[in-house]
Amino acid sequence: MWMFKHEKSLKIYLNRKKTKKQVIGFVPTMGALHQGHISLIEACNKKSDRTVCSIFVNPTQFNDKKDLEKYPRTLEKDVQMLFDGGCHVVFLPTVTEIYPTPPTQHYDLGELEQIFEGSSRPGHFQGVCQVVDRLFEIVQPDKVFFGQKDYQQCMVINRLLALVPNFSKITMKIVPTQREASGLAMSSRNLRLSAEQRTTAAQLYQTLLFLKTKLHPGQLSNLLEQSKKHLFDAGFRCDYISIAHAATLEPVQNWDGKIPLVALVAAFLGEVRLIDNLLLTD
Ligand code: AMP
């Protein structure tokens, strides 16, 4: 496995592979890796000749500075996991390597930026686009791999691919959410949970399953109220729980029994904010 810290040397390496017509797959991460990340590496390995993984905790996507400071960093373990997972290249840039000057570009994300994660974390998706734009520009991948765990982020990346002309040939694959045996979606943030909170955290997925089982055509407000109560009783502070059109993320209050739906949730356990989602109609 190769490790690069600088754009220049990574590009020299990748250009050699590209002249041999090798397919470059790319998995951007913020480290503190777990099996969810490794499932992206495995998916990438299946579809590409070279798998590149970046580890970069992007300051511009954190609207809460404390959250950035507390973001777990486990570099040594991450590198070992990538090696064991069959990754070919790790890119470990510094902040100045990614942003030689502070990024100023604004991306037109439309409604996507006004709802759910967009409204709860102002500026978050602009930061995501800034870093992904820069990383794609450096790696120039053929294929990129993102987790369904961050459902709205996948839609934002899709929009970015359409917005930036140089990215028109990149294809994006969405990899299913990897879960603990309890159903808890794997997340780097889980490292910040106490043992007791970790047990409680599984109720997030149980609540989504409850929505899926009880889903019926017609008004959905009652169902959502029940799910909010469920979260509250389990000990969560709910940020949002909502049912939306799976393709547009437009919230759905009254279901016609036909359109595809996704349930999205964000809730706090203590200081830790967890998100999850579930397709309800697949
Ligand atoms: P992060 O390091 O949190 O920025 O995540 C890097 C990539 O891993 C993103 O595409 C995430 O959606 C994906 N990811 C995170 N957790 C999971 C999971 N439990 N299952 C699948 N993919 C995940």
Need one value: the accessible area of residue 250 in square angstrom, 1.4 angstrom probe, rounded to the nearest 10. 120 Å²
Taking a 1.4 Å probe, which of 281, 29 shows the most accessible area, and what order do the others take after it? 281, 29
FRET efficiency for residue 222 and residue 108 from the Cβ-Cβ distance with R0 = 35 Å, rounded to 0.05, comes out at 0.45
Helix 75-84 versus the longest principal axis of the chain: what is the Cα-based angle in degrees, 0 to 90, to the nearest 10? 80 degrees
Dipole of region 1-158, positive direction: furthest Cα of 109, 22, 79, with charges on the beta-carbon: 22
Protein accessible area in region 1-50, 1.4 Å probe - carbon and sulfur %: 53 percent
Note to self: with every protein chain in place and a 1.4 Å probe, region 164-252 gives an accessible area per residue in Å² of 54 Å²
Normalising by the residue count of region 53-143, find the relative contact order in percent from Cα pairs under 8 Å and 6+ residues apart. 45 percent
List 94, 51, 104, 177, ordered by accessible area with a 1.4 Å probe, largest first: 104, 94, 177, 51
Please find the FRET efficiency linking residue 279 to residue 233, where r is the Cβ-Cβ separation and R0 is fixed at 25 Å, and quote it to the nearest 0.05. 0.50
Got a number for the accessible area of residue 65? Probe 1.4 Å, square angstrom, nearest 10. 120 Å²
Keeping every protein chain present and rolling a 1.4 Å probe, give me the accessible area per residue for region 1-113 in Å². 53 Å²
Once you wrap a convex hull around the alpha carbon atoms of the chain, what is its projected area averaged over all directions, in nm²? 14.8 nm²
Rounded to whole Å and sorted largest first, what semi-axes of the equivalent ellipsoid does the C-alpha gyration tensor of region 21-82 yield via the square root of 5 times each eigenvalue? 25, 13, 9
Sites residue 199 and residue 163 - FRET efficiency at Förster radius 41 Å, r taken between beta-carbons, to 0.05: 0.45
When only the heavy atoms of the protein chains count and the probe is 1.4 Å, how do 106, 34, 230 rank by accessible area, highest first? 106, 230, 34
How big is the gap, in Å, between the Cα center of region 51-88 and the Cα center of region 153-187? 16 Å
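The values are calculated or read from the model by the stated rules, or taken from the named source; none is laboratory data. Since this is a predicted model, take the numbers as computed values, not measurements. Quick reminder, even Gly has a Cβ in these numbers, built from the backbone with ideal geometry, and neighbours come from all protein chains shown. Calculation scope for accessible area: heavy atoms of the full protein, side chains included, ligands and nucleic acids excluded. Shrake-Rupley method; radii C 1.70, N 1.55, O 1.52, S 1.80 Å.
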